[in-house]
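The values are calculated or read from the model by the stated rules, or taken from the named source; none is laboratory data. Remember, it's a predicted structure, so these values are computed and weren't measured experimentally. In this analysis, Cβ positions are derived from the backbone assuming ideal geometry, glycine residues included, and neighbour counts consider all displayed protein chains.
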Amino acid sequence: MASYFEIELDKLKSIIEKIGKLAESQVSESVKMLLQEPEVAEGKSIKKTENKIDKLDIKIDEICQSIFALQQPVASDLRFIMSAMQISNEIERIGDLSISIVKRSKNIKEKHDLIVKFNIADVARQVELITVKTNNCFITRDGNTIGEIFVLNKEIRNNCEDAIHDIINEMKVNSKAVVSGTNLVIILKHLERISEHCTNIAEYVYFMVNAKIIKHDKFDNLRSED
Amino acid sequence: MKDIKIKVNDLSLYYGEKKALNEITMDIPANKVTALIGPSGCGKSTFLRCINRMNDLMPSVSITGKMLVEGVDIYDRNVDVVNIRKKIGMVFQKSNPFPKSIYENVAYGPRINGIKDKTQLDEIVETSLRQAAIWDELKDRLDDSALGLSGGQQQRLCIGRTLAVSPDIILMDEPASALDPISTSKIEELIHQLKEQYTIIIVTHNMQQAARTSDHTAFFYMGELIEMGKTNSIFTKPVQKQTEDYITGRFG
């Protein structure tokens, strides 16, 4: 029979899986809004999901606080709970950024043309993919997925930088593109941030599994060590 | 590890035919606190009692291997066991003051060691009780019976009594297990202060106490030393699965 402590840990794990899935749907929804024409975009469900994420984020904090105070966790339990608090924080930020993407994408005129011109759809799909991989990596705690996330994050960063560079050049020669271009640049920055948050989550999963802190270290050092 | 105080090599202990400790090899550093943890019957208290040859008092016990304290094998035939116990003091789970005055409890050891001078004894009593962090509480009632003190005070008095004969090493067998949280925290604070001068080895069932008080932790299971390392490592990333299972409460 599972102990009370183990039941609490399982509860925490399932809430993180749940909040992770919600963030995944937030990102997917915001990407959908971004790639659709403004008149099609609605974005109401994204706000509802955001409220659910906020509530679960608080719930995770409460459970972690109670486990720290009452159970004094050590070793892998301690790493799991420390990571849980950080992961929930990262997920909450992903939710906020998704909402911001939806808001910004409503203000872009001739969005379809710009998205095609600057290859935005590809990077948006990559960000969708990294959130799915991140959720799976927490659930399976699989080292290979962690590595894939670091690689994908690097690609996303490069693609965002390239797209931003192209948009800025376009704005230099075409003043009509400035408003939409600025919104697109901000959206790309948000997509890049979402990818970074996913990478941070992968780092916490790595810490949970391997008891090694790799923050600010990224994949290069990790790979050379392996 | 620098400055090894106690070096244990392949130490085994038998209670008759039963092997209670199996080839223990470990280094215990000087001026540090080393905690011995493990489930009941794992051999940690037996091991602790090996360090000042307390197991000699049991007729069926036999020991093989070496226990070197500052390079001297304490199980060597030429070693005087009384001198060992002078050098290696011990504090037990249950406080056990003599049915004498507070003063006499502390002065007893130095007196049987030949110190007769009252001024010198006074000095030893004061220093020892100060080191045991209980002087301010007891200085005005030194002639009262030690048995009238609270459990926590009695235990600190016993620590003071141990310090009075100037040991190098202090062994503590569950020193705070019968005490309330306030007295426990006083004992733990005391352990921190004492390690500057003494090498301390503590047996405890209280995992948080081991984590709070010790620099190194050794995990025993079924007479074997499973893992020893810095306390910080043992409680955050133990190497052995058995250690992880024990400290996270998933043993067995």
TODO: Look at B:K44 and say whether it is more than 30 Å from B:D245 (Cβ to Cβ) and either surrounded by fewer than 21 Cβ atoms within 10 Å (Cβ to Cβ) or in contact (Cβ under 8 Å) with a residue 12 or more places away in the chain (or both).
DONE: no
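Restricting attention to the stretch B:242-250, does a residue exist that is within 14 Å of chain A (Cβ to nearest Cβ), modelled with pLDDT under 90, under 30 Å from B:S12 (Cβ atoms) and out of contact with any Lys or Arg (no Cβ under 8 Å at 6 or more places or on another chain)?
If we filter the stretch B:242-250 for residues that are within 14 Å of chain A (Cβ to nearest Cβ), which is where we start, we get B:242-250.
Still in the list and also modelled with pLDDT under 90: B:249-250.
Checking which are under 30 Å from B:S12 (Cβ atoms) leaves us with B:249-250.
Now drop any that are not out of contact with any Lys or Arg (no Cβ under 8 Å at 6 or more places or on another chain), which leaves B:249-250.
Yes, the conditions are met somewhere in the stretch B:242-250.
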Task: Matching residues in the stretch B:70-95 - criterion: being free of Cβ contacts under 8 Å to residues at least 24 places away in the same chain and either of a type in the set (A, V, I, L, M, F, W, C) or more than 22 Å from B:P29 (Cα to Cα) (or both) - done: B:V72, B:I74, B:R77, B:N78, B:V79, B:D80, B:V82
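Tally time: how many residues in the stretch B:206-222 are away from every other protein chain (no Cβ under 14 Å) and of a type outside the set (G, A, S)?
Taking the stretch B:206-222 as the starting set, the residues that turn out to be away from every other protein chain (no Cβ under 14 Å) are B:213, B:215-216, B:218, B:220-222.
Restricting the remaining residues to those that are of a type outside the set (G, A, S) gives B:213, B:215-216, B:220-222.
Going through the stretch B:206-222 one residue at a time, the tally reaches 6.
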Open item on the list: Every residue in the stretch B:63-91 that is under 29 Å from B:H205 (Cβ atoms) and either exposed (fewer than 14 other Cβ atoms within 10 Å of the Cβ) or in contact with a His (Cβ under 9 Å, 6 or more places away or on another chain) (or both), please.
Closed with: B:T64
TODO: Please report, ordered by residue number, the strands (runs of 3 or more DSSP E) entirely within the stretch B:135-252 with at least 2 residues that are under 23 Å from B:V106 (Cα atoms), touching a strand residue (DSSP E or B) at 6+ places or on another chain (Cβ under 7 Å) and touching a residue at least 12 places away in the same chain (Cβ under 8 Å).
DONE: B:169-173, B:199-203
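Do we find that B:T162 is out of contact with any helix residue (DSSP H, G or I) (no Cβ under 7 Å at 6 or more places or on another chain) and crowded, with 21+ Cβ neighbours inside 10 Å in this structure? Break it down stepwise before answering.
Numbers: out of contact with any helix residue (DSSP H, G or I) (no Cβ under 7 Å at 6 or more places or on another chain): yes; crowded, with 21+ Cβ neighbours inside 10 Å: yes.
Spelling it out, B:T162 is indeed out of contact with any helix residue (DSSP H, G or I) (no Cβ under 7 Å at 6 or more places or on another chain) and crowded, with 21+ Cβ neighbours inside 10 Å.
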- [ ] Of the conditions (1) part of a helix (DSSP H, G or I); (2) out of contact with any Lys or Arg (no Cβ under 9 Å at 6 or more places or on another chain), A:K215 clears all except one; give me its number.
- [x] (1)
- [ ] Kindly establish whether B:R130 is assigned to a helix (DSSP H, G or I) and among the charged types (D, E, K, R).
- [x] yes
Task: Residue within the stretch A:60-68 that is within 14 Å of another protein chain (Cβ to nearest Cβ) and surrounded by fewer than 18 Cβ atoms within 10 Å (Cβ to Cβ) present - done: yes
